[in-house]
Structure formats: structure tokens, C-alpha cells
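Let me begin by presenting the structure, written as C-alpha cells, before commenting on it.
The values are calculated or read from the model by the stated rules, or taken from the named source; none is laboratory data. As the structure is a prediction and not an experimental result, all values here were calculated from the model. Cβ: placed from backbone, ideal geometry, glycine included. Neighbour counts: every protein chain shown. For accessibility, only protein heavy atoms count, side chains too; no ligands or nucleic acids. Shrake-Rupley method; radii C 1.70, N 1.55, O 1.52, S 1.80 Å.
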Amino acid sequence: MKRIGLLTSGGDCQALNAAMRGVVKGMSESTSELEVYGFLNGYKGLIYGNYKLLTSADFSGILTKGGTIIGSSRQPFKLMRTPDEKGLDKVEAMKQNYYKLNLDCLVILGGNGTQKTANLLREEGLHIIHLPKTIDNDIYGTDVTFGFQSAINIACDAIDCIHTTAASHDRVFIVEVMGHKVGWLTLYAGMASGADIILLPEIPYDIDKVIDGIEKRKAAGKGFTILAVAEGAISKKDAKLSKKELKKKMEQYKYPSVSYEIADLINKKTGIEVRVTVPGHTQRGGSPCPYDRVLCTRLGAEAARSIMDEEYGCMIAMVNGKVKRVPLGEVAGKLKMVNPDSQIIKQAKYVGISFGD
Ligand code: F6P
């Protein structure tokens, strides 16, 4: 008999169900005696003992279904050691619920913050397997996270649509792309959709260089310009500020997001009208793309094998095209960022894409 728990935590993405299906299908092939407990709404379910006993039928027909059948929520890692409003010790509560159900393993699907709590639970002695989920692709120790490719498709579609209207009207457009503090999604969606200027958190921009990029295109007879701007993009000036100074700036910030600030600056300096489009959470929604379905089936299958091998405390990752078990303690708390000196950035610059630097 194997008893496993499943939990999806943090911002959702397209392929969470596909990954859980992979785990359960893999386990079902290996053992006829399987109990699967789905903790509801992320760590909240584990803390407060809210769970559902799931059957293999629950995992049928969900390969293409976005979201998560067991719900998700954000439970910040930094508050995990802080008792809740009623004084409950969250870590102890999670351990108790795990032991009460006599679980062999808890499979946790989530991004960076989720992974830190997963590692904490491992350090507390629980059997944990982590599956790397996030549209941001910023999890250290895996080439790719699930959700990333699906989100690229959506962001790319959004920029493609903007492209045609921008060309008809000879306009300058900014499309703001998600990705939290890293630029992977913006870089790939921007390159895939032919963005002329791509602004990433890892390469702080100079607004005058951004304007140069627009003017250069105009001088070459190209009336429209598309900017793909990461939600975490930052100017060279702001990148030099201390944490305290940046916080002060943000307290008085009058824009809904960085793209509106950039649009305003371009307008003030040149008189050019700039339109801003923010696809926002659409980038996390809908059905997973075929790549993510395959990725999740592979990661899920390996998670199941790892449980059968009784090898715990790892993230199931894609490393150089192969699925591997990577020790959680080696990767938790680290961020994978775009390297400004990497080949892809050099190649993008080589074909004329400006990063505003
Ligand atoms: O981490 C995934 C992500 O979609 C980020 O790209 C984005 O910054 C954040 O979550 C948005 O969070 P929320 O759904 O809480 O608004």
C-alpha cells in the first residue's frame, strides 16, 4: 500500500493537472494499492487538514485542463514559522496532518516560495518530492519549468495581435509580460513575436536608449515599434537605488506598473503617443500546450518512480534534456535568472533587438 499526498501551491499555471495525472498514472501502474490525498488550496489544506481522498477517475480527462483540481493559494514562506492568528504552529500542524494520514510521500507542485517550504518540511523529516511549476521559469536546477512554454504561447499571441494593429496605425506599443523578478517569459515571447525592444529585470534600461531604438526604426521607414516589457523591468537609475530608496519611490508611484511609466517617459521626451497592453493573468490560464503536457507526463512518471524507489527529498527536474532527481537542499532558495552575457541575448542583439542598455 502506498499513500501519497498532493498539493499545488502559489500562482497556478496551465499544466498542474497534467503533472498530477502523470504522478497518479505512474503510481497506479506500479501498485494496485494506492491512496491519493489531495490537500485543498495549497499549504492551507495541509495546515488545517482540509483534504480529499481522490480516485484514479479524478485524474482522468484532465491532461488538457488548465488550473488545478485541488486549488491553490499563496502561503508566504517567510510566515511559515509565524503562528497563525489563533496561535497555531503551522509547521507542526503540517507535520501532524502528514503523520495522521500515514503518508509515504507528499508531492508538492509549485514555484520558488513553495519549494522553500517543501525543503523546510524535508528538513523536518517529511518525505517530499517537488515538481517545478511556474510560468516564470526561474527555478534553479531545472532547464525548464512547466507552465513556461504555455505562457510563452499566450504572451506571444498577444504580441502578434498587437503587431498587426501597431503596423496599421504606425504606433508604438508596449506589451507588459509577467515573470515576476526575472525576464525569461518576456525574452522568449518577445523574440518569438518579433518585438523590437525587449526590457528585462536582468538588463536595466536607459530610457534614452529605448527612445533611440524607436527613432532608429522611424528613420529606417518603420513607423511602428513593439516593446515587450517584463513586469519586473527596471531602469539603470532605479537599479542603483538602495532597497530603502526604491521602497520610498514605490510608495509615491503613480503608475499602475512599469510599462505605464516607460510610456509616459517616452511621451514626455518625444511627444510620441504610446499604447500599453497588459495580458496579465491570461498568461497563466487555459489549456497547457503540447510541450507542457509531455513535460508534465515525464516529470510525473519520474516522481512516481522515485516514490516507488523510496527516494525522497528531491525536485524532479529537466537537466540537459534528461529528467533527473535533484536534491532539494541543493536548489531551494536559489533563483535562475537570464544571464545578460548568454548566447541568446547576444544573438538577439545581433539581429537588432534592443535591450535598452
Ligand atoms: O509566479 C507566477 C506569477 O504569475 C508571476 O509571473 C506574477 O508576478 C505573479 O505570479 C502574480 O501573482 P498573483 O497571481 O498573486 O497576482
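Residues in region 154-164 that are out of contact with any Phe, Trp or Tyr (no Cβ under 6 Å at 6 or more places or on another chain) and open to solvent by less than 50 Å² (accessible area, probe 1.4 Å) were compared, and the one that is farthest from the ligand (Cβ to nearest atom) is H163. Within region 1-23, the residues that satisfy the criterion of being more than 21 Å from T117 (Cβ to Cβ), in contact with a Gly (Cβ under 8 Å, 6 or more places away or on another chain) and away from the ligand (no atom under 16 Å from the Cβ) are N17, A18, R21, G22. I want to confirm something. Restricting to region 170-227 and keeping residues that are open to solvent by 10 Å² or more (accessible area, probe 1.4 Å) and within 16 Å of the ligand (Cβ to nearest atom), which single residue is nearest to L335 (Cα to Cα)? If we take residues in region 170-227 being open to solvent by 10 Å² or more (accessible area, probe 1.4 Å) and within 16 Å of the ligand (Cβ to nearest atom), then K181 is nearest to L335 (Cα to Cα). So, T31, is that one under 18 Å from A304 (Cβ atoms) and in contact (Cβ under 8 Å) with a residue 12 or more places away in the chain or not? Yes, satisfied.
The residue that is farthest from C314 (Cα to Cα), among those in region 269-284 that are within 14 Å of the ligand (Cβ to nearest atom) and open to solvent by 30 Å² or more (accessible area, probe 1.4 Å), is V278. I'm told E33 meets every condition in (1) within 29 Å of V91 (Cβ to Cβ); (2) more than 16 Å from the ligand (Cβ to nearest atom); (3) of a type in the set (D, E, K, R) except one. Can you identify the failing condition by its number? Condition not satisfied by E33: (1).
Screening L265 on (1) within 19 Å of I108 (Cα to Cα); (2) over 20 Å from the mean Cα position of the chain (by Cα); (3) of a type outside the set (G, A, S); (4) open to solvent by 50 Å² or more (accessible area, probe 1.4 Å) shows it passes everything except condition (1).
Conditions tested, residue by residue: (1) open to solvent by less than 10 Å² (accessible area, probe 1.4 Å); (2) under 18 Å from F146 (Cα atoms).
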site: R3; (1), (2): no, no
site: A18; (1), (2): yes, yes
site: E33; (1), (2): no, no
site: L40; (1), (2): no, no
site: Y43; (1), (2): yes, no
site: T55; (1), (2): no, no
site: G61; (1), (2): no, no
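Taking the listed residues D264, D212, D196, D238, the one that is out of contact with any helix residue (DSSP H, G or I) (no Cβ under 9 Å at 6 or more places or on another chain), of a type in the set (D, E) and touching a residue at least 24 places away in the same chain (Cβ under 8 Å) is D212, with no other qualifying.
Checked against (1) within 16 Å of the ligand (Cβ to nearest atom); (2) open to solvent by 70 Å² or more (accessible area, probe 1.4 Å), K322 passes all but a single condition, namely (1).
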